[in-house]
Each structure stands twice: as structure tokens, then as C-alpha cells.
Amino acid sequence: MTTKNWGFDIRDLDTSVRPADDFFHYASGGWMKRNALPATEAMWGSFTVLRQDNRKKLKAIVEEVAQDRKAKAGSDAQMVRDIYTTGMDEAKRERDGATPLLPIFQKINALKKPEEIIPLVAYLHKLGFGGLFGFFIDQDERHNDKNILYLVQSGLSLPDRDFYVNDSEESKRVRVEYRKHILAMFKHLGKSPKECGIAVESIMTIETDFAKHSMTQVELRDIEKQYNKRTLAKLEKEAKGIEWKKYFRLAGVGSPNEIIVSQPIFMKRTAQMINEISLAEWKDYFTWHVLSGAAGFLDKKFVNEHFRFYSTVLSGVKKQRPLWERVVGFIDGTVGETLGKLYVERYFNHESKKKINELVNNLFVSYEEHIKALDWMTPKTKKLALKKLGTMTRKLGFPDKWKGYKGLVIRDDSYIENYWRVHEFEWKRGIKKLKQKPDRKEWHMTPPTVNAYFNPVMNEIVFPAGIMQPPFFDAEADDAINYGAIGSVIGHEITHGFDDQGCQFDSTGNFKNWWTDEDKKKFDKKAKVIEEQFNNYTAIDDMKVNGALTLGENIADLGGLAIAFSAFKKSQKGKDPIILDGFSPEQRFFLGYAMTEREQIRPELLKKIIVTDPHSPSIFRVNGPLSNMPEFIDAFGVAEGDMLYRDPKERAKIW
């Protein structure tokens with residue numbers, strides 16, 4: 001049987017590739033041949049194409065709002081309008097150059113003694129600039145009924161500490177280009193060649209020291225190592241050299257009783273550096289972090305050089321996105337719920353939310369059945385796993401309670417000053433959380449976002465409206481496609497509650513061991529199989545996937561697929577299986593999954609994500625889990641000798 005629209009375009013196939021050897025290219029090779037990587041993109045696939053479509057929808061909203069010259073001061077429309085118009089005013093930015101930064105540079109250059117560094121850092125942090133360390137306020141992972149202050153490693157300008165300390169060819173290349181970038185930016189600032197050269201050495205010395213004392217990406221996945229609760233007195237003793245009381249007071253948090261110091265070694269070394277590094281070097285370092293952080297708001301010479309390094313050198317992008325895209329993205333990232341409210345009113349299909357809810361119900365039922373059927377878990381732990389699953393909440397589409405922006409002042413005078421105003425407003429909003437109970441209705445993505453997340457301390461899955469549309473979900477498409485696409489994505493997020501990190505949080509969302517020792521050993525052994533499988537995948541050149549870094553996402557991919565497939569089969573009971581364009585329902589399910597992971601990527605970005613990203617490259621997110629699934633093996637007749645065949649004894653399965 002052939003139908004015009006069952007949710008998959010058979011032109012996307014590459015039938016010169018055998019599905020049993022490489023399902024990623026079989027399912028999407030045709031699409032990849034027809035869809036070259038745009039010059040403005042580092043990767044191009046289902047997520048990025050849909051994000052581009054959503055940006056166009058947001059542009060239509062923003063441009064319509066921008067025409068309203070009578071919008072009341074303080075209204076959503078006035079804020080969106082004035083951020084957009086100041087952002088699009090390139091002529092003013094060309095006239096201004098770096099002059100908006102001069103008052104900040106004067107503060108930096110006024111440093112006369114080490115004790116003045118911390119007040120400067122507090123001032124810069126409130127404006128949105130990085131430097132030294134970072135902090136945020138969130139739920140206490142062990143006592144999630146209250147919020148607490150977290151101190152975290154920071155202070156770097158490259159994507160990861162490995163780029164400073166590794167001797168790989170890629171790290172060396174990036175360091176050489178980074179030096180050129182700093183040199184060019186200081187030259188644009190009007191510094192002499194000698195001053196530029198000195199600044200490069202100062203910045204590299206300080207940031208390399210930070211990098212050497214920073215946790216690796218794999219270490220950052222160890223929740224236990226990062227949960228280090230301290231009193232203020234103990235922090236001052238462990239990290240002497242930083243006047244913590246003064247910093248917290250100037251930052252607006254008063255005198256916190258408790259702090260979670262995520263990386264104590266980093267904080268100790270940072271405190272020592274305050275007095276070891278000369279003031280001249282610190283001035284170069286802070287000037288750099290202000291200049292780099294503000295580059296996107298300045299004139300073209302700064303914007304273009306910032307793009308050249310961060311987008312072209314690091315990610316391979318050939319051409320800068322149009323200004324409207326950058327400004328609309330900025331609005332979504334600052335007053336996003338204001339824009340999201342308008343997006344939902346205009347574009348969200350409420351019928352889709354209803355149908356997805358039905359699909360999610362089936363996923364939870366299937367997950368429950370899978371847990372009950374586990375042959376490696378004891379009844380005691382099963383009971384607690386089922387309790388966690390049963391208390392997991394779902395947020396679909398958009399918030400029940402929208403964030404307000406009362407008190408935020410946006411003007412039509414300056415793009416960068418509007419950024420500072422928004423950041424300081426959100427800074428104060430964040431500070432207030434320290435004296436408030438956690439808000440269980442809060443969202444951490446805006447409604448137009450094409451993504452989803454699991455929040456362990458809330459034990460919740462969140463799916464914004466942005467992802468509830470083709471190719472992830474189409475109310476008119478075949479059930480098999482929808483379960484393979486959005487079903488596997490939702491199953492993925494549910495499984496994050498039971499991956500190697502999520503499984504350390506109980507049903508209430510607290511970081512607490514709910515496993516028997518026997519069960520946890522069995523879980524870890526099964527997870528190790530997945531880790532070792534992915535360690536054997538070569539991504540590019542001699543760079544292999546880091547199985548330890550990507551373990552949580554790989555567990556979630558495999559678990560999400562298994563659950564979604566079971567839920568799909570359950571939804572089809574009583575229905576006659578039909579063949580569409582030569583594909584069985586089971587085959588269509590896997591085509592739906594592969595469709596969500598189709599992607600083309602530039603080699604520069606691929607090299608970067610291998611170091612920094614907990615997600616495996618898309619080809620392995622398709623071929624990896626499918627090679628472990630008997631359902632896929634049966635659906636496509638994968639046999640011994642085929643590239644995707646694994647001996648049943650070597651297949652990974654957890655949930």
C-alpha cells in the first residue's frame with residue numbers, strides 16, 4: 001500500500017546502503033544528498049531545521065510587535081520592541097564601537113591592590129561577564145525542598161579545560177588560533193602590538209592555570225564528588241585569598257549559611273592566584289572577559305572577529321547568520337517567556353498536546369511493565385523504581401504560570417545596556433530564590449525551544465511546544481513514525497531518571513541511594529557494556545567517542561527506544577498491521593527514530609563535541625542502540641556478518 005503522507009519521505013532513503021550495515025545513512029542518506037550544510041550552520045538536521053523554522057515564526061511575531069510605537073512602557077510589547085530595534089540598529093553600534101565598555105575598563109584599570117579584585121568580580125558578574133568562578137542558586141540536591149548557593153569552576157574562554165592542557169593536534173591548533181584571536185581583539189581595541197602581545201601571555205597563563213585545576217568533563221558527571229557542602233567559615237578557611245563575605249554581600253546574597261562548593265580544588269587554587277598573579281596580568285584578564293563577553297553587542301570589527309574564532313575556527317561555520325536571527329535569538333534567551341506566550345497563542349497546536357499526552361501515558365505503562373519484568377533487579381529496588389516512575393511529573397507545551405518581568409526596564413537607547421539591564425534583573429530574581437521555596441512550576445526552556453529535558457531534583461520531564469511538531473510529531477502521521485520519533489525522545493527523557501546519574505536521585509528528587517548494593521553492582525555492570533561499546537566508535541581521524549562522558553545519553557537512547565517500541569506495540573493491539581511503501585509497522589518505527597537523529601556536521605564542530613558534549617555523534621546514536629535491539633534485528637533481518645549485528649551475549653540492555 002502507498003499513501004501520500006505517513007510521516008516519512010521515502011526520498012530520504014539511500015538504498016545503496018544496506019540497513020543491516022548502516023541504518024543511519026540508509027534512513028537519511030537521500031535527505032543528506034538533497035540538503036547540503038548551509039554556510040551559516042555548523043550542523044544541519046532535524047533539530048536545526050526545525051529551530052530555523054521556529055526562528056522565522058518568532059521573527060514574524062517580533063517584527064509585528066516592533067511596529068507598535070504606542071506600546072505602554074513596561075509592557076511585554078514595549079520590551080520586545082525596544083530590544084529588537086536597538087539590536088537591529090547597526091549604524092548606532094558602528095558609531096559607538098567599544099565606547100559603552102569604557103566605564104567598565106576604567107574600573108578594571110583602577111585596580112591598585114589584590115583586595116580590590118573581588119569587588120570588581122562581583123560587579124562584573126552582576127553585569128553578565130565571567131571571570132574567576134561562577135555561582136548560581138538552585139535546589140539542594142540532598143534536600144530539594146530548599147534552595148542553596150552553588151559555587152562552580154569557571155574563568156575559561158575556550159569550550160573546555162582540555163583545549164588548554166592536551167597535546168592533541170586539535171588542541172594545539174585551537175590554542176594557536178586562540179592566541180591570534182586575543183591579539184586581533186586587543187588590536188581592535190586600540191592597543192599597541194607590544195600591549196597586545198603581553199595581554200595574550202597574561203590571559204593564557206591565567207586561563208591555563210584555571211584549566212589545570214578544573215575537573216574534566218567525565219569528572220563533572222560524578223555527582224558525589226561535586227556535592228561538597230560548606231559553611232561560609234569553612235569556605236574562607238579552605239579558599240583563603242578570596243574575601244567571600246565581601247563577595248557575597250556585594251553580589252546581593254548577604255551572608256549564606258551554607259554553600260555547595262562543586263570543585264574545592266579549583267576554588268582553593270583560584271584563591272591562591274589572587275595574590276600570586278600580578279595586577280597588570282589581572283587587568284588584561286578581566287579586560288579580555290569583558291571584551292569577549294560583549295563582542296556580539298559591539299561594532300562589526302568585534303562581531304566579525306568573535307564570529308571568526310568561535311564559529312569558524314571552533315565549529316567550521318562559513319557565514320554569519322543574518323542579524324535578525326541573532327537578535328531574535330537574544331530576545332528568546334532574555335525575555336523568552338514573553339515571546340513564548342505570543343508564540344503559543346499563534347502557533348501551538350493544542351490538539352497535538354492532547355495526542356502526545358495519550359502517547360506519554362502509553363510510555364509510562366510500558367516503562368512500568370519493563371521494570372516489573374527485569375530479571376536482574378530485586379523486588380525491594382523494583383518497588384522504589386516503580387515509585388520513582390509513578391511520581392515523575394510531565395510538563396508539555398508551555399508553563400502553567402508564566403514568568404513575569406515587572407520591574408525590568410528596557411529602553412530604546414542601547415542594545416548592550418539592555419542586555420545589562422536584563423542580566424541584572426535576572427540576577428536579582430535568582431538571588432531571591434535563596435529565601436524562597438523551589439518553584440515546581442518553573443520551566444528552564446522557553447516554549448519555542450526545539451529540545452526537552454529531565455530535571456532530577458524535580459523528577460520531571462519537560463517538552464516545550466517547539467518540539468511538538470514535524471518531524472518529531474505529526475498528528476496526521478502514521479503511529480509507528482510518531483512513536484519512533486517523539487515517543488523515543490520522550491522515552492529518552494524518562495530514562496534519564498534511570499541513567500547512571502539520574503538513578504542516584506530518589507522518587508522525591510533527592511540525591512539519595514535507593515538501591516541495594518547487589519542491584520547497583522548489576523546496573524553498573526550493564527552500563528559498562530554500553531560504555532565500552534561506544535569507546536570503540538571512531539568519530540573522526542583518531543578521535544574516538546568517550547564512552548564515559550556519553551554514558552548517560554547512550555543509556556537514555558537505548559532505554560527510550562526500547563520503551564517507545566513496547567508502547568507502540570501496545571497501541572497497535574487489535575489493529576491489522578499494514579505495509580506502507582513496502583515497510584512494515586516495525587520498520588517504520590525505526591525509520592521514525594532515525595529521522596529525528598539525521599544530521600550533517602562540520603569536522604571542526606565534530607572534533608569539539610567529542611571533547612565537550614555528553615551526546616554521541618548522531619550516527620552512533622542511531623547505529624549504536626539499534627545494534628543492541630532484537631526488535632531492530634528482526635525487523636530488518638540483520639544477520640551474522642552484517643555491520644550492525646552483535647552476538648546476543650554482547651548486546652546491551654538495562655531498562
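The values are calculated or read from the model by the stated rules, or taken from the named source; none is laboratory data. Everything numeric here is computed off the predicted structure, so don't read it as measured data. Positions of Cβ are generated from backbone atoms using ideal geometry, with glycine treated the same way; all protein chains shown enter the neighbour counts.
Some notes on this structure:
- Filter result for the condition that a residue is touching a residue at least 24 places away in the same chain (Cβ under 8 Å), in the same structural domain as M267 (by TED's automatic domain parsing) and among the hydroxyl-bearing types (S, T, Y), over Y84, Y164, Y178: Y164
- Going through (1) over 30 Å from Y150 (Cα atoms); (2) at pLDDT below 95; (3) crowded, with 19+ Cβ neighbours inside 10 Å one by one, F135 falls short only on (1).
- K528 surrounded by fewer than 15 Cβ atoms within 10 Å (Cβ to Cβ) and either in contact (Cβ under 8 Å) with a residue 24 or more places away in the chain or in the same structural domain as L386 (by TED's automatic domain parsing) (or both): no
- Scan of the range 167-190 for residues that are in a loop (DSSP other than H, G, I, E, B) and either more than 11 Å from W288 (Cβ to Cβ) or hydroxyl-bearing (S, T, Y) (or both), ordered by number: D167, S168, G190
- Taking the range 577-600 as the range and being touching a strand residue (DSSP E or B) at 6+ places or on another chain (Cβ under 7 Å) and either surrounded by fewer than 24 Cβ atoms within 10 Å (Cβ to Cβ) or acidic (D, E) (or both) as the test, the residues that pass are E599, Q600.
- Among residues of the range 474-483 being of a type outside the set (G, A, S) and outside any helix (DSSP H, G or I), the one that is modelled with the lowest pLDDT is E476.
- Figure legend. Inter-residue proximity from the range 252-278: first residues of a type in the set (S, T, N, Q), second residues in a loop (DSSP other than H, G, I, E, B), beta-carbon distance below 6 Å, spacing 6+ or different chains. Indicated pairs: Q263/M215; T270/L132; Q272/G241; N275/G241.
- Cβ-Cβ under 7 Å pairs, at least 6 apart or on other chains, the range 567-591 side touching a residue at least 12 places away in the same chain (Cβ under 8 Å), far side surrounded by fewer than 19 Cβ atoms within 10 Å (Cβ to Cβ) and among the acidic types (D, E): E586/E631
- Pick from the range 51-71, criterion of a type in the set (A, V, I, L, M, F, W, C) and surrounded by 18 or more Cβ atoms within 10 Å (Cβ to Cβ), ranking: modelled with the lowest pLDDT: V65
- Residues that are crowded, with 23+ Cβ neighbours inside 10 Å and not in a loop (DSSP other than H, G, I, E, B), drawn from the range 456-473: I461, F463, P464, A465, G466, I467
- On inspection, R51 passes the criterion of being part of a helix (DSSP H, G or I), within 25 Å of the chain's Cα centre (by Cα) and either of a type in the set (A, V, I, L, M) or within 26 Å of F307 (Cα to Cα) (or both).
- Being among the charged types (D, E, K, R), within 26 Å of the chain's Cα centre (by Cα) and assigned to a helix (DSSP H, G or I) is a description that does not apply to R11.
This table checks each residue for (1) of a type outside the set (S, T, N, Q); (2) touching a Leu at 6+ places or on another chain (Cβ under 7 Å).
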site	(1), (2)
H188	yes, no
T205	no, no
M215	yes, no
L232	yes, no
I242	yes, no
Y247	yes, no
S255	no, yes
Q263	no, no
M273	yes, no
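- When V218, V253 are checked against the criterion of being at pLDDT below 95 and under 29 Å from S292 (Cβ atoms), a single residue qualifies: V253.
- Among the residues making up the range 275-305, a single one is touching a Gly at 6+ places or on another chain (Cβ under 7 Å) and among the charged types (D, E, K, R): D299.
- Qualifying position, being under 25 Å from K56 (Cβ atoms) and either assigned to a helix (DSSP H, G or I) or not small (G, A, S) (or both), among S292, S311: S311
- Residue match in the range 314-323 (condition: in a helix (DSSP H, G or I) and of a type in the set (V, I, T)): no
- Residues in the range 204-224 that are touching a residue at least 40 places away in the same chain (Cβ under 8 Å) and assigned to a loop (DSSP other than H, G, I, E, B): H213, S214, M215, T216, Q217, V218.
- Among the residues listed as V360, V335, the single one being within 23 Å of G560 (Cβ to Cβ) and crowded, with 20+ Cβ neighbours inside 10 Å: V360
- Boolean, N513 is within 20 Å of the chain's Cα centre (by Cα) and over 30 Å from G7 (Cβ atoms): no
- Scope the range 554-566; condition under 30 Å from G316 (Cα atoms) and either without any contact (Cβ under 8 Å) to a residue 12 or more places away in the chain or out of contact with any strand residue (DSSP E or B) (no Cβ under 9 Å at 6 or more places or on another chain) (or both); matching residues: N554, I555, D557
- Boolean, E201 is within 25 Å of I265 (Cα to Cα) and part of a helix (DSSP H, G or I): yes
- Inter-residue pairs, beta-carbon under 6 Å, first in the same structural domain as N628 (by TED's automatic domain parsing) and in the range 531-543, second assigned to a strand (DSSP E or B), 6+ apart: T538/K544
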